[in-house]
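Written below as structure tokens is the structure these notes are about.
The values are calculated or read from the model by the stated rules, or taken from the named source; none is laboratory data. Just so it is clear, the model here is predicted, and its values are computed rather than measured. Ideal geometry is used to build each Cβ from the backbone, glycine not excepted, and the neighbour counts take in all protein chains shown. Accessible surface is based on the protein model in full, side chains and every heavy atom, while ligands, DNA and RNA are left aside. Shrake-Rupley method; radii C 1.70, N 1.55, O 1.52, S 1.80 Å.
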Amino acid sequence: MTQPERALGLFGGTFDPIHYGHLRLAETAREALGLERVRFIPAGRPPHRGTPGASGADRLAMARLATADNRAFDVDPAEVESTQASFTILTLERLRLALGPQRPLVLLLGVDAFLGLPGWKRWTELFDFAHIAVANRPGYSLDAAQMPDALAALVKRREAAPEALETAPHGALVQFAMTPLAISATDIRTQHSAGHSLRYLLPPPVLDYISRHQLYI
């Protein structure tokens, strides 16, 4: 009898640049949810924000450098290499086709991103391809009063315990707790352009890459 496949975490974002806050969220999710791996997916052409400060190739390179020392992390280059805009639903369709119908996939989101879900392309279809795991942080919660009616109804219908990730390949909404690091990519870019040190905000290989390639100046 074959063992069921363990869940694969999917962590998308601009990663402009990737920093310790991103890495800590992924590691916390891996441990709290029993994920086999976490796959970082840098966006190539994010449709919901302005042009990133670094090129797709640079952001992909930095993500690879930041995750190289963790065997449970890997990086998916497909969105950066694509000529199309980066939409989560299209990424999930691609990965489901590649990984098969039975592999549990878990899309990792912060609460603020989850609350903005109704603005995403084909957002109601996300659960047809993956579970969603929401990282709780201070000031945010899955409070129905903060949500549009359609999102509140979806939460009521989909919310489950983390154990649900082991019993189906998609369809559940779970939460996990994390202590956030007060680090943002926007603040990193601002500090760097002002000539301030970025030490201890980023992994050293990423810091070296930014310096060598004169990014964010």
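Considered as a group, the residues in region 81-95 that are more than 11 Å from Leu10 (Cβ to Cβ), part of a helix (DSSP H, G or I) and aliphatic (A, V, I, L, M) include one that is most open to solvent (accessible area, probe 1.4 Å), and that residue is Leu90. Looking only at region 35-54, which residues are exposed (fewer than 15 other Cβ atoms within 10 Å of the Cβ) and out of contact with any Gly (no Cβ under 9 Å at 6 or more places or on another chain)? Residues satisfying the conditions are Pro47, Arg49, Gly50, Thr51.
Within region 202-217, the set of residues being within 23 Å of Glu27 (Cα to Cα) and touching a helix residue (DSSP H, G or I) at 6+ places or on another chain (Cβ under 6 Å) comprises Pro203, Pro205, Val206, Tyr209.
Please find, within region 170-195, the residue that is farthest from Gly100 (Cα to Cα) out of those that are loosely packed, with under 11 Cβ neighbours inside 10 Å and touching a helix residue (DSSP H, G or I) at 6+ places or on another chain (Cβ under 9 Å).
Ranking the candidates gives Ala182 first.
Check region 34-57 and report whether any residue there is at positive phi and not in a helix (DSSP H, G or I). Checked against the condition, which is being at positive phi and not in a helix (DSSP H, G or I), region 34-57 yields at least one hit. Contact map, region 18-46: residues that are of a type outside the set (A, V, I, L, M, F, W, C) paired with residues that are open to solvent by 50 Å² or more (accessible area, probe 1.4 Å) and not in a helix (DSSP H, G or I), Cβ distance under 6 Å, separation 6+ or inter-chain. Pairs shown: Tyr20/Leu181; Gly21/Leu181; Arg24/Leu181; Glu36/Arg6.
Annotation for region 120-133: no member residue is basic (Lys, Arg), farther than 25 Å from Gly34 by Cβ and in contact with an Asp or Glu (Cβ under 8 Å, 6 or more places away or on another chain).
For region 118-149, filtered to residues that are surrounded by fewer than 19 Cβ atoms within 10 Å (Cβ to Cβ) and in contact with a strand residue (DSSP E or B) (Cβ under 8 Å, 6 or more places away or on another chain), the residue that is nearest to Glu166 (Cα to Cα) is Phe127. Inside region 150-159, can you point out the residues that are surrounded by 14 or more Cβ atoms within 10 Å (Cβ to Cβ) and more than 15 Å from Leu126 (Cβ to Cβ)? Correct list: Ala152 only. Is at least one residue of region 59-75 over 20 Å from Ala172 (Cβ atoms), without any contact (Cβ under 8 Å) to a residue 24 or more places away in the chain and open to solvent by less than 20 Å² (accessible area, probe 1.4 Å)? Within region 59-75, one or more residues are over 20 Å from Ala172 (Cβ atoms), without any contact (Cβ under 8 Å) to a residue 24 or more places away in the chain and open to solvent by less than 20 Å² (accessible area, probe 1.4 Å). Of the residues making up region 17-26, those that are in contact with a Phe, Trp or Tyr (Cβ under 9 Å, 6 or more places away or on another chain) and either open to solvent by 10 Å² or more (accessible area, probe 1.4 Å) or polar (S, T, N, Q) (or both) are Tyr20, His22, Leu23, Leu25.
Table: residues versus (1) more than 23 Å from Pro42 (Cβ to Cβ); (2) of a type in the set (S, T, N, Q).
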site: Ala72; (1), (2): no, no
site: Val80; (1), (2): no, no
site: Pro118; (1), (2): yes, no
site: Lys121; (1), (2): no, no
site: Asn136; (1), (2): yes, yes
site: Ala145; (1), (2): yes, no
site: Leu151; (1), (2): yes, no
site: Glu163; (1), (2): yes, no
site: Val174; (1), (2): yes, no
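None of Ala78, Ala7, Ala29 is within 24 Å of Pro205 (Cβ to Cβ), among the aliphatic types (A, V, I, L, M) and surrounded by 16 or more Cβ atoms within 10 Å (Cβ to Cβ) except Ala29. Considering every residue within region 101-117, establish whether at least one is touching a residue at least 24 places away in the same chain (Cβ under 8 Å), farther than 24 Å from Ser82 by Cβ and exposed (fewer than 15 other Cβ atoms within 10 Å of the Cβ). Yes: region 101-117 contains one or more residues that are touching a residue at least 24 places away in the same chain (Cβ under 8 Å), farther than 24 Å from Ser82 by Cβ and exposed (fewer than 15 other Cβ atoms within 10 Å of the Cβ).
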